[in-house]
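**Student:** So that we are looking at the same thing, I have put the structure below in structure tokens.
None of the figures in this text is laboratory data; all of them are computed from the coordinates on show. Values in this document were obtained by computation on a predicted structure and should not be read as measured data. Cβ placement follows ideal geometry from the backbone for every residue including glycine, while neighbour counts extend to all protein chains displayed.
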Amino acid sequence: MVKAEAVHKSFGRLEVLKGIDLEVKPGEVMCVVGPSGSGKSTFLRCVNHLEKINAGRLWVNGHLVGYREKGGKLYELRDREVAAQRREIGMVFQRFNLFPHMTALENVMEAPVRVKRQPKAQARERAVALLTRVGLGDKVNSYPAQLSGGQQQRVAIARALAMEPALMLFDEPTSALDPELVGEVLEVMKQLALDGMTMVVVTHEMGFAREVGDSLVFMDGGVVVEEGTPREVLANPKHPRTQDFLSKVL
Ligand code: ATP
Ligand code: MG
């Protein structure tokens, strides 16, 4: 579902991703951890084509991200084609980026109606079902300001799901939440994983990684330092940098 081969990304002279090789199979959950500045968000943004990679290859759902390959050469996709690729990917960020002037229901309906041109009645019905699925069936008419951070983040997940993505990316979805609200968001993510969604989750929630993750990747300095099952990596980290990092977060 996601394949990265020698992915490089620089901002000017700053080389942030120095050759990332990773693979996430359909239905798998990959958790990514690592210190601040190690390139985790940049990697997710490259997968979603919010950033253009400088070298290497990246595939999502069988498509080369941002390019078309023809006769051994790469051709950049047009904006419209990039937008179509991006529609296959749902992304949830640390900060809930809901539209403040729209209710939970309107937030979830917005993209299907505007981008997919779904009839409103159909989009509404689906939005109610999605909000119910994330435990917010009674909050469909609430505005973001009337919801807790955990509720807002669950609306953000429902909104991403409304586009029926093949892949969900999460960038520290619980790290801006009060501790007592973290569990409800992780629970929704766990259910999503059990339903078979392919997910890449940047998180420092090691309990979640252990329970839900199929693989755990430790990134540092723009490279994958260590990768394995969460059980292996957490119980028996091989690299000193992984050991040092885990000793601080566990
Ligand atoms: P954190 O845990 O703090 O979220 P991270 O692992 O997600 O860290 P990134 O946000 O990917 O790290 O950033 C990696 C490096 O790239 C940092 O040094 C950051 O300053 C730099 N960087 C990220 N985005 C840009 C940008 N648009 N322009 C210039 N530098 C950037
Ligand atoms: Mg980040």
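**Student:** Sort region 141-205 into rounded, prolate or oblate with this rule: let a ≥ b ≥ c be the square roots of the eigenvalues of the Cα gyration tensor; rounded if a/c is under 1.5, and if a/c is not under 1.5, prolate when a/b is larger than b/c, oblate otherwise.
**Tutor:** oblate
**Student:** Also, quick follow-up: Counting other beta carbons within 10 Å of each Cβ, put LEU44, LEU246, LEU169 in order, fewest first.
**Tutor:** If I rank by nearby Cβ atoms, fewest first, I get LEU246, LEU44, LEU169.
**Student:** Once you have a ≥ b ≥ c as the square roots of the Cα gyration tensor eigenvalues for the chain, tell me rounded if a/c is under 1.5, and otherwise prolate or oblate according to whether a/b is larger than b/c.
**Tutor:** Because a/c hits 1.5 or more and a/b fails to exceed b/c, the chain counts as oblate.
**Student:** When the chain is fully extended, how far beyond the present Cα-Cα distance does LYS52 get from ASP21, taking 0.36 nm per residue of separation?
**Tutor:** Stretched fully, the LYS52-ASP21 segment lengthens by 9.5 nm.
**Student:** What fraction of the DSSP beta bridges in the chain is antiparallel, stated in percent and rounded to the nearest 5?
**Tutor:** 60 percent
**Student:** Using only helices, what value at 222 nm comes out for the chain when you add -39,500 (n - 2.57) per DSSP H run of length 4 or more and divide by the total residues, to the nearest 500 deg cm²/dmol?
**Tutor:** -11000 deg cm²/dmol
**Student:** Where the centre of each part is set by its Cα atoms, how far does region 117-162 sit from region 6-78, in angstrom?
**Tutor:** That distance is 30 Å.
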